[in-house]
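Asks: Dropping a structure here in structure tokens format, bear with me for questions.
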Amino acid sequence: MRVNVSDIVKTEGAGIDVNYYGDLSGLREFDNSVDFKPSFKFTGRIVNLGGLLKLSGELHFEFVADCLRCLERIETVMDIEVKEVFVEVIDSDEADAYIYEGNVVDIEKPLIDNILLAMPTKIICSDDCKGLCKHCGANLNFKNCNCDESKIVDSRMEILKDFFK
Ligand SMILES: [Zn+2]
Ligand SMILES: [Zn+2]
């Protein structure tokens, strides 16, 4: 979304409300197991503070992904806070700021960047997800399988014995 900021660039303290529904359907390559809900929502404001344009607001998005441990599909709703700074292209040596040109601020890239940064590195359905049994594949959150733990230990010892032969 391109926001025309010509009304606020000359006036310290002036601001514009921004309400935006964006599209994430192009973001599939992020991770094959993650499906973003196509639309995301941003509600916020761009304010002129000392010649810098500050974008702030709430970003809402949702995705579906497999739990890393038990492989169940889980829906996750994310509400994150966005705070970014734009500088005009002539002042673009400012680090950590996005650039705008010709009184137009494009908020698309910073919003997508914020979404990608907010994505959890490990997607799990809950902190105490028990995962799958390594032997029979049962989802241990729902049932206890009868795989014999002692057998498992034995077979590991067998492997070690072979290894040291
Ligand atoms: Zn899980
Ligand atoms: Zn099992």
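The values are calculated or read from the model by the stated rules, or taken from the named source; none is laboratory data. Note that the coordinates shown come from a computational prediction; the quantities given were computed from them, not determined experimentally. Using ideal geometry, Cβ is built from the backbone for each residue, glycine included, and neighbour counts are taken over all protein chains shown. The accessibility values were calculated without ligands, DNA or RNA, using every heavy atom of the protein model including side chains. Shrake-Rupley method; radii C 1.70, N 1.55, O 1.52, S 1.80 Å.
Asks: Which residues' amide hydrogens lie under 5 Å from the amide hydrogen of Ile123, considering only partners 5 or more residues apart or on another chain, with H built in the peptide plane?
Replies: Amide H neighbours of Ile123, under 5 Å, 5+ apart: Leu68.
Asks: So for the stretch 3-79, taking the charge dipole from beta-carbon charges (+1 Lys/Arg, -1 Asp/Glu), which of Ile74, Tyr20, Leu49 sits furthest toward the positive end?
Replies: Selected residue: Leu49.
Asks: Provide the per-residue ³J(HN,Hα) series for the stretch 82-88, in order, calculated from phi with Karplus coefficients 6.51, -1.76, 1.60 and θ = phi - 60°, each as a whole number of Hz, with x at glycine and proline positions.
Replies: Result, ordered by residue: 10, 9, 9, 10, 10, 10, 5 Hz.
Asks: With the crude spin-label approximation of a point 7 Å out along Cα→Cβ, what separation in nm comes out for Lys83 versus Asp106?
Replies: About 2.6 nm, to one decimal.
Asks: Rounded to two decimals, what ratio of Rg to Rh does the stretch 1-140 give with C-alpha atoms and a Kirkwood Rh? Present the calculation step by step, with values, prior to reporting the outcome.
Replies: Working: Rg = 19.3 Å, Rh = 17.1 Å.
Looking at the stretch 1-140, the ratio lands at 1.13.
Asks: For Met78, what accessible area in Å² do you get when you roll a 1.4 Å probe over the heavy atoms of the protein chains, rounding to the nearest 10?
Replies: 30 Å²
Asks: Below 19 Å Cα-Cα, how many Lys pairs turn up in the stretch 1-125? Only count pairs eight or more apart in sequence, or on different chains, if you could.
Replies: 9
Asks: Keeping all protein chains in place and using 1.4 angstrom, which order do Ile107, Ile74 fall into by accessible surface area, from largest down? Let's see the in-between values first.
Replies: Values: Ile107 0, Ile74 30 Å².
In descending accessible area the options line up as Ile74, Ile107.
Asks: Largest first, what is the accessible-area ranking of Tyr20, Tyr100 with a 1.4 Å probe? Spell out each step's value before the answer.
Replies: On the way: Tyr20 35, Tyr100 10 Å².
Reading off the accessible areas and sorting them downward yields Tyr20, Tyr100.
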